[in-house]
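Working notes for the structure below.
Bear in mind that the values in this text are calculations on the coordinates, not laboratory data. It should be emphasised that the depicted structure is a prediction, and the values quoted were computed from it without experimental measurement. Neighbour counts run over all protein chains shown; Cβ positions are idealised from the backbone, glycine included.
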Amino acid sequence: MSSGADIYHEMIVDYSRNPVNFGEIEDHDVTFHDANPLCGDSIDIDMKIDDQKVSDIKFHGKGCAICMACTSVLTEIAKGKSLDEIKNIDKSDVLSELGLEHLQAVRIKCALLSLKVLKGALYTYLGSHLENTDAIDKLKAEAENLY
Amino acid sequence: MQSTESSFENLRKDFPILTRTVRDNKPLVYLDNASTTQKPNQVIDAITDYYQNHNANIHRAVYALAEESTEAYENARDKIANFVNIKNRQELIFVRGTTEAINLVAYAWGRPHINEGDIIVTTEYEHHSNIVPWQLLTQEKHAKLEYIGMDDNGELILDDLDKYLATGKVKLVTFSLMSNVLGTITDAKKIIEKCKAAGVPTLVDGAQAVPHMKVDLDTLGCDFFAFSGHKMLAPTGVGILWVRKSVLQTMSPFHGGGDMIREVHKYETTWNDLPYKFEAGTPNIADVIGFGAAIDYLTKIGMDNVRQHEIELTKYAMEKFSKIPGLQVYGTKDISKRGGVISFNFADVHPHDVADIIDKEGISLRSGHHCAQVLMERLNVAATSRASFYIYNTKDDIDALIDSLNKVAKVFKL
Ligand SMILES: Cc1ncc(COP(=O)(O)O)c(C=O)c1O
């Protein structure tokens, strides 16, 4: 289990103060929102999709340092990726980037909310651009069971 | 008991949990008493004694054990009635807690009494348990839910109440006697006076008030009153609904089943006397008895002493907090108008991060919306940190909190 000193390292504190890809995309192709009832973290992700690729991504909302840092990192990972690659982003991709692999159970929701929102945005986009619905249901279930 | 700090220091020995350590061998500093309190040996022992020596179902059998358990259960009812000055024990119903009490009223009183176009009035600083049951009821009945607003000092704007009462459509006004986030003590007397003048019944959520100050239901004058045992040293799973008898007689049953009946035939049933009509099924006997032991414990200390102790702690904490740059306390600064609950935010650090960092120092502090999201919206914050005190807290606990906040400042380079 991480101790407080471990998880609140420089990078987390910096990202929480200066999140990257923070803001809104006016002419987004898809937007998605979700929140954690426990702590009040609340995140929206906007994406611009061109050629089956995420050409731009921004997020806004409020959250704790863990949530803000993880969302920043996730948007950095997602930017420029193809939709297939987005589908395959795994929680360990985000957690390992910030050294949070051993986060306590109560904080994991803070760390993974943005991944849930990203997957939500993805199935919303695919749903409105007609793909096979099995794949969409699978994505939806995956997002719901993330934590 | 003398209201000296040393006598309060002394009662810590009654709470076994306070001797344990948490995280890296840090002494436990428990500051989440608005959520639930710790239990003294006297309460734990009463429950153990019940199971070891007296366990039997109540109101059903003639044998010795059943007689003992029934007597202990009904004794607890009398102790609690006495504690909040309820004159008629028939008006005191055992429930699981405040949440169940309010839902019982919304169901058993609300459904027969609320009609289309009626208004129920609540306040901006209610716990979700005094909002959601009314949303459910007003949606079902096509009635309306309105809110008494709160000013920047954390006090209710009673002009709002006047405005709603003037419509002549208000059927119930419901409010908490003390806010679980801001600690504001509501001017219940004034609200109830206004409602009485308009012929409107009132429900008071006493979950935060009864554990921390003297409450006298005989003089308060409301019609429904709810509180929870677990916030006042008693076990979880037991609480009180008090309803004025003239109102209680107009209510339909809540749950159907054993104990609440007089006679059951194939197609009809007659109801048991009050309060048993509202206590269907085998109740939480052991924990009711534990609640009785908690009442004994608090009675011995004296509720005026409890309040005085918390005023001391709150004053001390507010003074210390005011010296920390960037720390913002919500609600009134007037200690006489607030209980031992302090909600705050620390610069731009999210309350969740504050709670996590100071948890490593052994301090249990609540962060989040405290089941009061309507209030969070009003304060325009996503969450707050909250420290809340009880009889076993000391100035040392507050010093430990202040020290740990310095750690937060260091991590976040404040
Ligand atoms: C003011 C207030 N009302 C109601 C409740 C709900 O009490 P319970 O969870 O015991 O039903 C609480 C508990 O947090 C409270 O603080």
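Between segment A:70-117 and segment B:85-112, what's the alpha-carbon centroid distance in Å? Cα centroid of segment A:70-117 versus Cα centroid of segment B:85-112: 47 Å apart. Here is how the number arises for chain B: DSSP H runs of 4 or more residues each give -39500 (n - 2.57), the sum is divided by the residue count, and the result at 222 nm is -10500 deg cm²/dmol.
Only beta bridges with both residues in the protein assembly as shown are counted; by DSSP, about 70 percent of them are antiparallel. Here segment A:9-65 and segment B:25-75 have alpha carbon centers that stand 50 Å from each other. Cross-link reach is defined here as a Cα-Cα straight distance under 12 Å, omitting same-chain residues fewer than 8 places apart; for B:K333 the aspartates and glutamates meeting it are B:D152, B:E155, B:E319. Peptide A:6-14 is shielded by partner chain Cβ atoms: per residue, an average of 3 of them sit within 10 Å of its Cβ.
The aspartates and glutamates within cross-link reach of B:K360, meaning a Cα-to-Cα straight distance under 19 Å and a gap of 8 or more places when in the same chain, are A:D6, A:E10, A:E101, B:D24, B:D32, B:D396, B:D397, B:D399, B:D403.
Its relative contact order, with pairs defined as Cα atoms under 8 Å and 6+ residues apart, puts segment B:29-88 at 18 percent. Run the reach check for A:K53 against aspartates and glutamates, Cα to Cα strictly under 15 Å, same-chain hits fewer than 8 apart removed. What comes back? Here the aspartates and glutamates satisfying the reach criterion relative to A:K53 are A:D29, A:E76, A:D84, A:E85.
Looking at segment B:115-190, what % of its DSSP beta bridges pair antiparallel, to the nearest 5? For segment B:115-190, the DSSP antiparallel bridge percentage is about 20. For segment B:208-317, lysine pairs with C-alpha atoms less than 21 angstrom apart, excluding pairs fewer than eight positions apart on the same chain, total 6.
Counting only other chain Cβ atoms within 10 Å of each residue's Cβ, the peptide B:343-356 averages 5.
Inter-chain neighbour count for A:29-41: the average number of beta-carbon atoms from partner chains within 10 Å of each residue's beta-carbon is 3.
In chain B the longest region clear of GluC sites (Glu not before Pro) that are loop-assigned by DSSP and have at most 10 other C-beta atoms within 10 Å covers B:117-267.
Restricting to bridges with both residues inside chain B, how much of the DSSP beta-bridge set is antiparallel, in percent to the nearest 5?
If we restrict to bridges inside chain B, about 60 percent are antiparallel.
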